[in-house]
């Protein structure tokens, strides 16, 4: 009886704490950031959006530095693409790209270099598709403005930095009925696509847990070599400033995109809530002191971004996801890409592995790791259908081993045939939303925060992720 009374007392204390928490400032703030505003009157979702076919896709490129100029070179390998306008703050970037166009026998593109000339580009009446490769802060403003001018949009990642920007993109895409796709190239990696095919064919059984990451040492790129007088790798040190100002998983999409497709996020399941934990910051300051000196401006710079950020996500269907982000540690490049199901397992980094549930000679169940020969045979057997058609050409064109070109090729072909793009606006914003949500969680002691349903229930309309089938 005493034990039961003690249990009731403890339970009452717990209920009291939970009740008080429901009115605490952190709970109210969490509810506010996760709030799902009603869809504006007259709008409907853009899941499976089809638009009129565009036989010749007329493009504008806003931001033609390293990433944007490389994209132009790849798009020139796709039939039915015309480059009408290029925009950048650096005249040298514009001149380099213009020369590339003429050297390839293409007409010169109109050039824009003013700080807000991107608006003039979006207002042109000879543009069908706007490609955005600027610093992060302009991705949403340009995307919104371009759609409002009747243009389709493809943007480098992330497509949004805040939850407010996520809703701006969703509402604009729904109102204008324009495609708005975030260019997550890792979704077209050969290994990632092979595991997606295996999952869709049931080789892993019921998927239970997946992992993704962006672990990439960017210290040299973020600081640039100012001592030697060289230009920074990122214009105006924008990426360094992002890491200085914010603390969360600032670039989670490379690991998140492929595993979200594996779990059919937005197409039968959704991310429900997340919890984020961040280490303190060590590596950036240590690097700056060693390279630039103890008393240098770089070493004295306050960096808010912790070295390693880990985000745990629970889905509505009970699956778990782990996302990690670290761009400051001297570690090998790693996207994790780990797939764990009731019948099998896959992992890409640091070495590729496939394992499947089997029964040994003694009748015991265990995971048997395939040897290299077996694994290569399995990967070949389950190569994603459209990869075999384009692999060699894509690898010759390049772009992260060909996955950039495959992504860009499919964007153009889908537009030309009036098909839904492989990824929609909801994919882009839900993956990008992990940035501000992880910031909130870390700032509030790893507080759990719900992931807004940007589809407003539409995730239940489609069961299973599928690419559009090209003619």
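Bear in mind these aren't lab numbers, they're just calculated from the coordinates by the rules spelled out. Computed from a predicted model, the values in this text were never measured in an experiment. Note that each Cβ is placed from the backbone with ideal geometry, even for glycine, and that neighbours are counted across all protein chains shown.
Counting only the backbone N, which residues of region 444-471 are under 16 Å from the spot 7 Å out from the Cα of residue 388 toward its beta-carbon?
The answer is 470.
Pull out a ≥ b ≥ c, the square roots of the eigenvalues of the alpha-carbon gyration tensor of the chain, then state rounded if a/c is under 1.5, prolate if not and a/b is larger than b/c, and oblate in the remaining case. Don't skip to the answer; put the middle values down first.
Numbers: a/c = 1.43, a/b = 1.26, b/c = 1.13.
Note, shape of the chain comes out rounded.
Of 152, 135, 366, how do they rank once you tally other Cβ atoms within 10 Å and put the fewest first?
366, 135, 152
Return the calculated 222 nm mean residue ellipticity for the chain, to the nearest 500 deg cm²/dmol, obtained by summing -39500 (n - 2.57) across DSSP H runs with n ≥ 4 and dividing by the residue count. Walk me through the intermediate numbers first.
Numbers: 17 runs with 186 residues, N = 471.
Roughly -12000 deg cm²/dmol at 222 nm, from the helical runs in the chain.
Against the longest alpha carbon principal axis of the chain, how many degrees, from 0 to 90 and to the nearest 10, is the axis of helix 425-443 turned?
With rounding to tens, the tilt is 50 degrees.
For helix 2-21, report the angle its Cα long axis makes with the longest principal axis of the Cα atoms of the chain; keep it between 0 and 90° and round to the nearest 10°.
For 2-21 against the chain, the angle is about 20 degrees.
What order do you get for 103-109, 373-379 when each peptide is scored by the mean count of other beta carbon atoms within 10 Å, highest first?
Descending mean neighbour count gives 373-379, 103-109.
Can you figure out the FRET efficiency of residue 302 with residue 362, using R₀ = 51 Å and their beta-carbon distance, to the nearest 0.05?
Working: r = 60 Å, r/R0 = 1.17.
Once the sixth-power term is evaluated, E becomes 0.30.
How do 384, 188 line up, fewest other C-beta atoms within 10 Å first?
384, 188
Order these by the 10 Å Cβ neighbour count, fewest first: 176, 342, 309, 162.
So the ranking, lowest neighbour count to highest, is 342, 162, 176, 309.
If I take every Cα pair under 8 Å that is 6 or more residues apart in the chain, average their sequence separation and divide by the length, what percent do I get for the relative contact order?
Across the chain, relative contact order equals 21 percent.
How large is the convex hull of the Cα atoms of region 57-182 per residue, expressed in Å³ as a whole number?
It is 90 Å³ per residue.
Angle between the Cα long axis of helix 91-103 and the longest principal axis of the chain, 0 to 90 degrees, nearest 10?
Roughly 70 degrees, rounded to the nearest 10.
Looking only at the chain, where both bridge partners belong to it, what percent of the DSSP beta bridges are antiparallel (to the nearest 5)?
Numbers: 32 of 60 bridges.
Rounded to the nearest five, the antiparallel share is 55 percent.
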